[in-house]
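Asker: Can you keep this structure in mind? I'll have questions shortly.
The values are calculated or read from the model by the stated rules, or taken from the named source; none is laboratory data. For clarity, every value in this text was computed on a predicted model and none was experimentally measured. Here the Cβ is made from the backbone with ideal geometry for all residues, glycine too, and neighbour counts use every protein chain on show. When the accessible area is computed, the model is the full protein with side chains, heavy atoms only, and any ligands, DNA or RNA have been set aside. Shrake-Rupley method; radii C 1.70, N 1.55, O 1.52, S 1.80 Å.
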Amino acid sequence: MHRIVRQFRFVILSALLGLGLAPISAAQDTACKQVRVAGPESYPPFVWYNEPGPEIDGVGVALVKKALEGTGTQVISVKTSSWNRTMARTFAGEIDVLTALYKTDERDKALHFIGPYGEERTAVVSRAALGLEVSDLSQLAGLYGGAAQGDSRGDFVEGELKSLNVIRAPHVRLLFAMLKAERLDYMLVGEFSGLVRRDFSILEDPSLKVDVLNEPTEGVYLAISRRSPCFETIRGHLEKRIILAKTSGRLEEMKREALARFRAGQEPAPPTSKP
């Protein structure tokens, strides 16, 4: 009887191997030797790219690396030409993890969100000459504004924007240039992703005025592509890591350390002494 059972098990296993069903875990192990991560190019303390190379830094990146430490999985950075392109590649499973973004109903269809591990509000950057005091988006009626393509400000703000005259530009740099050229009255950015940047300084420009809206406050999340071959392998690791970082109080310390690294990267290198 035992011999018949063993033979039956062997036949079933052979059939599964023939169908390509049995080696799933092995295939996942092979596919997940590398996890591809990406994020907005300038979003400290959550994520930013260390120019000129593709390597990214920030709290979100550190959480992913720490979560996968000791698993044998390498975390590699992926840089694309635009946030729209980054989102499209993640939806398709070409990028495994996005390290910082808002959660919306539409994005939730393609991404599994973990967190939040941070918060952000929306900032209205306007031409100072207009003398605006913005505390509510309804005050922007009749004006001409802009926001970056693919940069969702959350479901509530996106709903409000439908009643306003807002164009979408490929990049926040273009919005900044249009605002300076008086082709826009205002632009909408995140208080981190738009205001703290290396390529230009909104906060230090006297021709511009910044109003940060008190409401709504949106969570900043990690997100795994539902089409990632590493989805099941890495989801649990990331969820545990964020919970641990929150409960230990380490998360706030990580944010302070990340901002210090970003600001240090903005400072010019000291002159080298000649021999």
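Asker: Could you tell me whether Ala129 is part of a helix (DSSP H, G or I) and surrounded by fewer than 14 Cβ atoms within 10 Å (Cβ to Cβ)?
Answerer: So Ala129 passes the test.
Asker: Still on this structure, I have one more. Tell me, which residue of the stretch 189-208 that is charged (D, E, K, R) and without any contact (Cβ under 8 Å) to a residue 40 or more places away in the chain is farthest from Pro45 (Cα to Cα)?
Answerer: Among them, the one singled out is Asp205.
Asker: Right, another one. Which condition from (1) modelled with pLDDT under 90; (2) touching a Pro at 6+ places or on another chain (Cβ under 9 Å) is the one that Val220 breaks?
Answerer: Among (1) modelled with pLDDT under 90; (2) touching a Pro at 6+ places or on another chain (Cβ under 9 Å), the lone unmet condition for Val220 is (1).
Asker: Return yes when Tyr221 is in contact (Cβ under 8 Å) with a residue 60 or more places away in the chain, over 25 Å from Gly58 (Cα atoms) and buried (at least 22 other Cβ atoms within 10 Å of the Cβ) and no when it is not.
Answerer: The answer is no for Tyr221.
Asker: Continuing with the same structure: Does at least one position in the stretch 260-267 carry a residue that is within 19 Å of the chain's Cα centre (by Cα), touching a residue at least 40 places away in the same chain (Cβ under 8 Å) and more than 21 Å from Phe91 (Cα to Cα)?
Answerer: Yes: the stretch 260-267 contains one or more residues that are within 19 Å of the chain's Cα centre (by Cα), touching a residue at least 40 places away in the same chain (Cβ under 8 Å) and more than 21 Å from Phe91 (Cα to Cα).
Asker: Turning to a different aspect of this structure: How many of the residues making up the stretch 63-82 are in a loop (DSSP other than H, G, I, E, B) and in contact (Cβ under 8 Å) with a residue 24 or more places away in the chain?
Answerer: Result for the stretch 63-82: 8.
Asker: Among what's in the stretch 183-204 and is farther than 17 Å from Glu133 by Cα and charged (D, E, K, R), pick the residue that is surrounded by the fewest Cβ atoms within 10 Å (Cβ to Cβ).
Answerer: Glu204
Asker: Can I ask one more? So if I check each of Phe113, Phe192, Phe156, which one is closer than 30 Å to Ser225 by Cβ and modelled with pLDDT of 95 or more?
Answerer: Criteria check complete, one pass: Phe113.
Asker: To continue, here is another question. For Leu244, state whether it is open to solvent by 50 Å² or more (accessible area, probe 1.4 Å) and either in a helix (DSSP H, G or I) or among the aromatic types (Phe, Trp, Tyr) (or both).
Answerer: For Leu244, the condition - open to solvent by 50 Å² or more (accessible area, probe 1.4 Å) and either in a helix (DSSP H, G or I) or among the aromatic types (Phe, Trp, Tyr) (or both) - is met.
Asker: Taking Leu179 as meeting all but one of (1) crowded, with 18+ Cβ neighbours inside 10 Å; (2) part of a loop (DSSP other than H, G, I, E, B), write down the number of the exception.
Answerer: Of the numbered conditions (1) crowded, with 18+ Cβ neighbours inside 10 Å; (2) part of a loop (DSSP other than H, G, I, E, B), the odd one out for Leu179 is (2).
Conditions tested, residue by residue: (1) aliphatic (A, V, I, L, M); (2) open to solvent by less than 50 Å² (accessible area, probe 1.4 Å); (3) farther than 17 Å from Glu120 by Cα.
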{"site": "Arg168", "(1), (2), (3)": "no, no, yes"}
{"site": "Asp211", "(1), (2), (3)": "no, yes, no"}
{"site": "Asn214", "(1), (2), (3)": "no, no, no"}
{"site": "Glu239", "(1), (2), (3)": "no, no, yes"}
{"site": "Lys255", "(1), (2), (3)": "no, yes, no"}
{"site": "Ala264", "(1), (2), (3)": "yes, no, yes"}
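Asker: Output the residue which, of all residues in the stretch 83-113 that are among the aliphatic types (A, V, I, L, M) and not in a strand (DSSP E or B), is least open to solvent (accessible area, probe 1.4 Å).
Answerer: Across the stretch 83-113, the extreme among qualifying residues is Ile95.
Asker: State all residues of the stretch 22-42 that are part of a strand (DSSP E or B) and either open to solvent by less than 10 Å² (accessible area, probe 1.4 Å) or at pLDDT below 55 (or both); if no residue qualifies, say none.
Answerer: Within the stretch 22-42, Val35, Val37, Ala38 meet the criteria.
Asker: Go through the stretch 224-243 residue by residue and tally those that are without any contact (Cβ under 8 Å) to a residue 12 or more places away in the chain and either touching a strand residue (DSSP E or B) at 6+ places or on another chain (Cβ under 7 Å) or within 19 Å of Val37 (Cβ to Cβ) (or both).
Answerer: Residues in the stretch 224-243 being without any contact (Cβ under 8 Å) to a residue 12 or more places away in the chain and either touching a strand residue (DSSP E or B) at 6+ places or on another chain (Cβ under 7 Å) or within 19 Å of Val37 (Cβ to Cβ) (or both): 1 in total.
Asker: Within the stretch 51-72, is there a residue that is open to solvent by 30 Å² or more (accessible area, probe 1.4 Å), under 22 Å from Glu257 (Cβ atoms) and under 12 Å from the mean Cα position of the chain (by Cα)?
Answerer: yes
Asker: What number of residues in the stretch 143-166 are in contact (Cβ under 8 Å) with a residue 12 or more places away in the chain and either in a loop (DSSP other than H, G, I, E, B) or open to solvent by less than 10 Å² (accessible area, probe 1.4 Å) (or both)?
Answerer: 13
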